[in-house]
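The values are calculated or read from the model by the stated rules, or taken from the named source; none is laboratory data. Just so it is clear, the structure is predicted and the values come from calculations on it, not from any experiment. Reconstructed Cβ throughout: ideal geometry from the backbone, glycine too, with neighbour counts over all protein chains shown.
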């Protein structure tokens with residue numbers, strides 16, 4: 001009896017689904033993961049040398065009940081002009097604005113979204129046309145919503161300061177030092193060895209502006 005290719009593919013997919021079901025659970029494991037990562041490589045935190053200081057600032061402000069200004073992060077673009085030779089992308093990160101938001105959040109600063117306002121603007125447009133409700137009912141759930149979301153004067157938080165700027169420099173090998181050593185027997189079949197130690201320094205510069213919106 002021959003098994004058709006379609007049936008064979010379906011059987012393989014069923015077996016794969018059963019195998020994956022054994023790796024996934026709706027309850028988090030003690031390590032906080034819901035699924036066993038492929039290759040036993042879970043997602044890990046990647047703190048920077050500044051992370052501890054930022055968290056310390058946030059804890060100090062909360063303990064002493066210090067209010068913080070509202071911050072918005074604008075575009076922090078790449079102005080280095082450096083790209084990979086094979087055309088695979090830029091040399092430096094294109095997510096500097098997102099990294100700045102993470103840094104402010106670690107420091108406990110209240111953030112106001114001004115980086116991507118497309119969703120909030122669309123919600124505001126729908127609310128203005130009385131198309132959005134905070135308690136809508138699905139099909140077959142009876143009568144539709146009676147109250148639409150209201151728009152009130154001054155309901156959106158304003159910004160006190162905003163951060164903008166750019167990554168302006170990427171310089172390779174501004175300083176280097178190295179040493180080479182070669183030792184070996186004069187005989188062609190004798191033992192030989194080669195040792196090398198090199199240190200290279202490069203710098204990445206970023207220019208930022210923290211602007212008071214009231215000035």
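Scanning segment 100-136 for residues that are touching a strand residue (DSSP E or B) at 6+ places or on another chain (Cβ under 9 Å) and either exposed (fewer than 13 other Cβ atoms within 10 Å of the Cβ) or part of a loop (DSSP other than H, G, I, E, B) (or both) turns up 109, 110, 112, 113, 114, 115. Among the residues of segment 30-74, those identified as part of a strand (DSSP E or B) and touching a helix residue (DSSP H, G or I) at 6+ places or on another chain (Cβ under 6 Å) are 71, 73. Against the test of being closer than 23 Å to residue 101 by Cα, in a strand (DSSP E or B) and in contact with a strand residue (DSSP E or B) (Cβ under 8 Å, 6 or more places away or on another chain), the options 206, 199 yield a single qualifying residue, 206.
Remark: pairs (first residue in segment 123-136, closer than 9 Å to residue 149 by Cα; second residue part of a helix (DSSP H, G or I); Cβ separation under 9 Å; 6+ apart in sequence or on different chains) = 131/125; 132/123; 132/126.
The criterion of being surrounded by 15 or more Cβ atoms within 10 Å (Cβ to Cβ) and either at pLDDT below 90 or under 30 Å from residue 169 (Cβ atoms) (or both) does not hold for residue 52. Got at least one residue in segment 139-159 being in contact with a strand residue (DSSP E or B) (Cβ under 7 Å, 6 or more places away or on another chain), surrounded by 12 or more Cβ atoms within 10 Å (Cβ to Cβ), outside any strand (DSSP E or B) and modelled with pLDDT of 85 or more? Yes, segment 139-159 contains at least one residue that is in contact with a strand residue (DSSP E or B) (Cβ under 7 Å, 6 or more places away or on another chain), surrounded by 12 or more Cβ atoms within 10 Å (Cβ to Cβ), outside any strand (DSSP E or B) and modelled with pLDDT of 85 or more. Residue 77 meets all of the listed conditions (1) farther than 24 Å from residue 157 by Cβ; (2) under 21 Å from the mean Cα position of the chain (by Cα); (3) assigned to a loop (DSSP other than H, G, I, E, B) but one, namely (3).
For segment 84-99, does any single residue satisfy the condition of being surrounded by fewer than 16 Cβ atoms within 10 Å (Cβ to Cβ), part of a loop (DSSP other than H, G, I, E, B) and at pLDDT 90 or above? The answer is yes, given that some residue of segment 84-99 is surrounded by fewer than 16 Cβ atoms within 10 Å (Cβ to Cβ), part of a loop (DSSP other than H, G, I, E, B) and at pLDDT 90 or above. Kindly indicate whether any position in segment 58-70 is in contact with a strand residue (DSSP E or B) (Cβ under 8 Å, 6 or more places away or on another chain), within 26 Å of residue 46 (Cβ to Cβ), surrounded by 13 or more Cβ atoms within 10 Å (Cβ to Cβ) and touching a residue at least 60 places away in the same chain (Cβ under 8 Å). Checking segment 58-70: not a single residue is in contact with a strand residue (DSSP E or B) (Cβ under 8 Å, 6 or more places away or on another chain), within 26 Å of residue 46 (Cβ to Cβ), surrounded by 13 or more Cβ atoms within 10 Å (Cβ to Cβ) and touching a residue at least 60 places away in the same chain (Cβ under 8 Å).
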